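A.B. asks: Just dropping this structure here.
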Amino acid sequence: MNPVLEVQDLSQDFGGLRALNELSLTVNSGEIVALIGPNGAGKTTFFNCVTGIYTPTEGKMFLYDREGSPKLLNGKKPHVITAMGMARTFQNIRLFSDMTVLENVMIGRHCRTRAGILGAVMRDGRTRREEQESIDASYALLELVRLQDMWNETARNLPYGA
Ligand SMILES: Nc1ncnc2c1ncn2[C@@H]1O[C@H](COP(=O)(O)OP(=O)(O)O)[C@@H](O)[C@H]1O
Ligand SMILES: [Mg+2]
């Protein structure tokens, strides 16, 4: 079992309120792990800590890279943690309602692309190749969740299921 995420003795205080109390857990490669608990249990606080939104009061958090070496998450900014490979979604999802389903997924993997403003304007070969790669990878993700038939649907037309 290769660890992917390792959290050691994580605590988060808000003034006198301890939202997380010495939480330790390891998530291994290939595992799907759920964090469950009643309202106010600290689930969102945990996600805010490991994604760099909050600075935990105590504890260490590591994300393992592809070579299997642990990288400390403490002190890193959210966009840096995302680039390291840990993404999150929010309880209130925010879609770009006038864009298509595929385009919304493509934006979600923007941190995996390199083209800048110049490339977008000039549309050189490398930028166009990268864009095609992004389209293919996003379509594959839609297939994974069986939404590929909706790829060209405008996001506002999707039922949220809630
Ligand atoms: N930014 C914050 N400031 C103060 N208290 C907070 C903050 N975020 C969460 N809390 C408190 O921490 C506790 C855990 O909240 P939360 O992590 O949102 O729980 P859950 O997501 O499991 O419902 C709650 O008592 C909540 O009121
Ligand atoms: Mg919550």
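The values are calculated or read from the model by the stated rules, or taken from the named source; none is laboratory data. Predicted, not measured: the structure shown is a model, and the values here were computed from it. Cβ sites come from the backbone with ideal geometry, for glycine too, and all protein chains shown count toward neighbours. The accessibility values were calculated without ligands, DNA or RNA, using every heavy atom of the protein model including side chains. Shrake-Rupley method; radii C 1.70, N 1.55, O 1.52, S 1.80 Å.
A.B. asks: Given the structure, is Val121 open to solvent by less than 40 Å² (accessible area, probe 1.4 Å) and at negative phi?
C.D. replies: Here the answer is no, as Val121 does not meet what is asked.
A.B. asks: Kindly list the number of the only condition in (1) under 22 Å from Ala87 (Cβ atoms); (2) open to solvent by less than 60 Å² (accessible area, probe 1.4 Å) that fails for Asn2.
C.D. replies: (2)
A.B. asks: Only residues that are under 15 Å from Leu63 (Cα atoms) and either in a loop (DSSP other than H, G, I, E, B) or within 12 Å of ligand 1 (Cβ to nearest atom) (or both): list them for segment 11-32, please.
C.D. replies: Within segment 11-32, Ser29, Gly30, Glu31 qualify.
A.B. asks: State all residues of segment 75-112 that are assigned to a loop (DSSP other than H, G, I, E, B) and of a type in the set (Ser, Thr, Tyr); if no residue qualifies, say none.
C.D. replies: Scanning segment 75-112 gives Thr89, Ser97.
A.B. asks: Right, another one. I need the full set of residues from segment 149-162 which are at pLDDT 90 or above and either in contact with a His (Cβ under 7 Å, 6 or more places away or on another chain) or open to solvent by 50 Å² or more (accessible area, probe 1.4 Å) (or both), in order please.
C.D. replies: Matches in segment 149-162: Asp149, Met150, Trp151, Asn152, Glu153, Arg156, Asn157.
A.B. asks: Condition test on Gly40, is it small (Gly, Ala, Ser) and open to solvent by 60 Å² or more (accessible area, probe 1.4 Å)?
C.D. replies: Yes, satisfied.
A.B. asks: Inspect segment 65-74 for any residue being open to solvent by less than 50 Å² (accessible area, probe 1.4 Å), within 28 Å of Glu143 (Cβ to Cβ) and of a type outside the set (A, V, I, L, M) and give the result as yes or no.
C.D. replies: For segment 65-74, residues open to solvent by less than 50 Å² (accessible area, probe 1.4 Å), within 28 Å of Glu143 (Cβ to Cβ) and of a type outside the set (A, V, I, L, M): present.
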